[in-house]
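The values are calculated or read from the model by the stated rules, or taken from the named source; none is laboratory data. A quick note: this is a predicted structure, and the numbers were derived from the prediction, not measured. Neighbour counts run over all protein chains shown; Cβ positions are idealised from the backbone, glycine included. Each accessible area value is taken on the protein alone, full model and side chains, heavy atoms only, with ligands, DNA and RNA left out. Shrake-Rupley method; radii C 1.70, N 1.55, O 1.52, S 1.80 Å.
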Amino acid sequence: MPPVVKSLLLLNVVAYILDSAFHLSPLFALYYWESNAFMPFQFVTYMFMHGNFTHIFFNMFALWMFGRIMEQVWGGQRFLIYYMVCGIGAGLVQELGQVAGIISPYAMTIGASGAVYGILLAFGMTFPNERLFIIPIPFPIKAKWFVLLYAAIEILEGMSASDGVAHFAHLGGMFFGLMLILFWRNAARYKSVSFGKNFWHKPDSQPSMHVSYNDNYTKDYEYNSRKKARNDEIDRILDKVRKGGYQCLTESEKQTLFDASNRQ
C-alpha cells in the first residue's frame with residue numbers, strides 16, 4: 001500500500017478511536033462560520049471525524065480501493081495535495097450551502113466523504129473505461145458512468161432528502177477535484193507545447209495545405225490504432241496491479257500509468 005494512503009487510513013482510524021473515547025467531534029467537526037463553535041482549523045480536522053463504524057468503514061474502503069491506485073499514478077505529494085483540496089473544498093461548499101439557506105446552519109459536518117468523492121472522480125477521469133463491479137448492480141459498469149451515476153444521485157438527494165448527509169459537500173469535493181485535475185492537465189499541455197515550440201519550431205517553414213482524403217484516412221486509422229494499443233496496455237497494467245500490487249510494475253509501466261493520467 002502506498003505511504004500516503006496508508007497514513008491517511010491510520011490517521012482516520014486513530015481519530016475515530018480517540019473520538020469514541022473522548023468525544024472530540026464537538027471541537028473538531030466543521031460548524032457554520034457564524035457559529036460560536038466555528039474555528040478555521042475545522043476545515044481540515046472535520047475530515048478525520050466520523051459518526052459511526054459504517055461511516056468510517058465505507059469511506060476508508062473507498063480510499064483504499066481507489067486512492068492507492070491514484071497515488072501510484074500521481075505520486076504521494078500530488079495525491080496528498082489533491083486529497084486535501086477536495087476535502088477542504090467540500091467544506092467550503094457546505095458553508096456556502098448554509099449561507100444560501102439550502103442547508104441548516106446548525107448542521108455539524110464530519111467525515112472524509114468529500115475527499116473520497118474527489119478520489120472517485122479522479123479514478124473515473126483517469127481510467128474512464130475501467131470496468132467496476134458495484135453491489136447491487138449485477139453487471140460491470142465503466143468507471144466514467146459510475147462517477148456520473150454517483151454525482152446524479154448526490155444532486156437528487158441534496159435537493160430532496162433531509163437525511164442528515166452532507167450531499168452538497170460530496171459534490172463540492174468532486175467539483176474542486178475536477179478543477180484541480182483540469183488545471184494540472186492544462187499546465188502539462190502548456191509545458192509540452194512550449195517545449196515543442198522552443199526546440200522544434202522553424203520560423204521559416206510553412207505548413208503544407210495539400211492534404212488528400214487518403215492522407216486524412218491514414219492518419220485517423222493510425223491514431224485510432226495507437227489509441228487502442230495504448231488503452232489495451234493500460235488495461236494490462238491495471239490487471240497486473242490488481243493481481244500483484246504496484247510494486248510488481250516495471251519503471252516503464254509506472255511511467256505509462258503516470259503519462260495516461262496526464263493525457264486523459
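The table for this structure:
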quantity	calculated
Selection status of Q94, more than 16 Å from the chain's Cα centre (by Cα) and of a type in the set (S, T, N, Q)	yes
Pair list, Cβ < 7 Å and 6+ apart or interchain, from segment 99-121 residues that are without any contact (Cβ under 8 Å) to a residue 12 or more places away in the chain to residues that are open to solvent by 10 Å² or more (accessible area, probe 1.4 Å)	none
Where a residue in segment 128-143 is in a loop (DSSP other than H, G, I, E, B) and its partner, wherever it lies, is open to solvent by less than 30 Å² (accessible area, probe 1.4 Å), with Cβ under 7 Å and at least six apart	P128/A143; E130/A143; E130/L238; I134/I141; I134/F146; P140/L132
Selection within segment 212-255 - surrounded by 10 or more Cβ atoms within 10 Å (Cβ to Cβ), at pLDDT below 80 and in a loop (DSSP other than H, G, I, E, B)	G245, L249
Filter result (of a type in the set (G, A, S), surrounded by 14 or more Cβ atoms within 10 Å (Cβ to Cβ) and within 18 Å of G172 (Cα to Cα)) within segment 138-155	A151
Subset of segment 45-68 that is farther than 19 Å from V85 by Cα and in a helix (DSSP H, G or I) - its residue that is least open to solvent (accessible area, probe 1.4 Å)	I56
Criterion (hydroxyl-bearing (S, T, Y) and more than 17 Å from V116 (Cα to Cα)) met by exactly one of Y16, Y46, Y31	Y31
Output for segment 18-44, where each listed residue is open to solvent by less than 60 Å² (accessible area, probe 1.4 Å), part of a helix (DSSP H, G or I) and farther than 24 Å from G101 by Cα	D19
